[in-house]
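Take a look at this one; I'll ask things after.
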Amino acid sequence: NAGGAMNDRPSGVLRGLLVSLLVLVPRAEAQPTSYLAQGSFELPAREAVESIQEPGDIAVALDGTLHILDRKGRIFVYTPAGEFLRSYGPPDLGRPVAIVIGRDGLPTVADARSRMIYVYKPEGELVLSFGGAGNLGGRLADPVDVERGPGDLIYVLDPGRGGVQVFSPDGLFIRSIPTAPAVSRPAALAVGPDGSIFLAEGKEGGLFFRVPALDRLPWSGPLPPESFEGI
């Protein structure tokens, strides 16, 4: 059925335009591009003086610089083109596991060994630290991720404490958000622009959950099951 076939295809004029465009595009431009050529760069070799031994996380600063976390206890800063600028962290960091840079421009690092959260100036000067080992409010047992949310609130994912600990930008403990048993072993955390909390389950790969923002959660007791929306 020629008429039916024509209804399922572009019109003759449109087909002609498409063919013309294909002819005009140089063959070289149709080839896959190299991501390396688009601005990726290789980290210095392990033998280099300023080398990253165990890269674990990365954050992009407001000025475009890349802050790359080395789990050996240091943060390395590079330009987007891969030029090394500086490093910071020692002697504070023992086993950093996550880094985030908020809208205030301050790098915030979670350290698993000291169970502390460290906040730095963009140049690397320590300006704030809080947390410490323990099970009371504001203490940390097993921090594995850190995020910034609306109002630059600091969210710390702490499976050892059974959920997410929330702090003000100056380190004041606000509340704990219990995630067990819905998320038995959370491994990663993200906070959306509206304050929604996203969790990745580490025990069973492929499970992700969305939890409403703080102002939509009860302030005490376990969260109702409907708080955990699978995505």
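Quick check: from the Cα gyration tensor, does the range 73-231 come out rounded (a/c under 1.5), prolate or oblate?
Prolate, because a/c is 1.5 or more and a/b exceeds b/c.
Could you order F130, F41 by accessible surface area, starting with the largest, using a probe radius of 1.4 Å?
Putting F130, F41 in descending order of accessible area: F41, F130.
Grab the beta carbon distance between A81 and D104, set R0 = 30 Å, and tell me the FRET efficiency rounded to 0.05.
So, using R0 = 30 Å, E works out to roughly 0.75.
Below 8 Å between Cα atoms, with a sequence gap of 6+, how large is the relative contact order for the range 155-218 in percent?
Value for the range 155-218: 20 percent.
Right, next: Say each of L126 and F228 gets a label point 7 Å from the Cα, pointing the same way as Cα to Cβ; how far apart are those two points in nm?
According to this spin-label approximation, the distance is 3.6 nm.
For S51 paired with R113, estimate the spin-label separation in nm (one decimal), with each label point 7 Å from Cα along the Cα-to-Cβ line.
1.9
Further question: Of the heavy-atom accessible surface of the range 131-231 (probe 1.4 angstrom), what whole percent is carbon and sulfur?
Here carbon and sulfur together make up 57 percent of the probe-accessible area.
The values are calculated or read from the model by the stated rules, or taken from the named source; none is laboratory data. None of these values were measured; they are calculated from a predicted model. Reconstructed Cβ throughout: ideal geometry from the backbone, glycine too, with neighbour counts over all protein chains shown. To get the accessible areas, we keep the full protein, side chains included, count just its heavy atoms, and leave off ligands, DNA and RNA. Shrake-Rupley method; radii C 1.70, N 1.55, O 1.52, S 1.80 Å.
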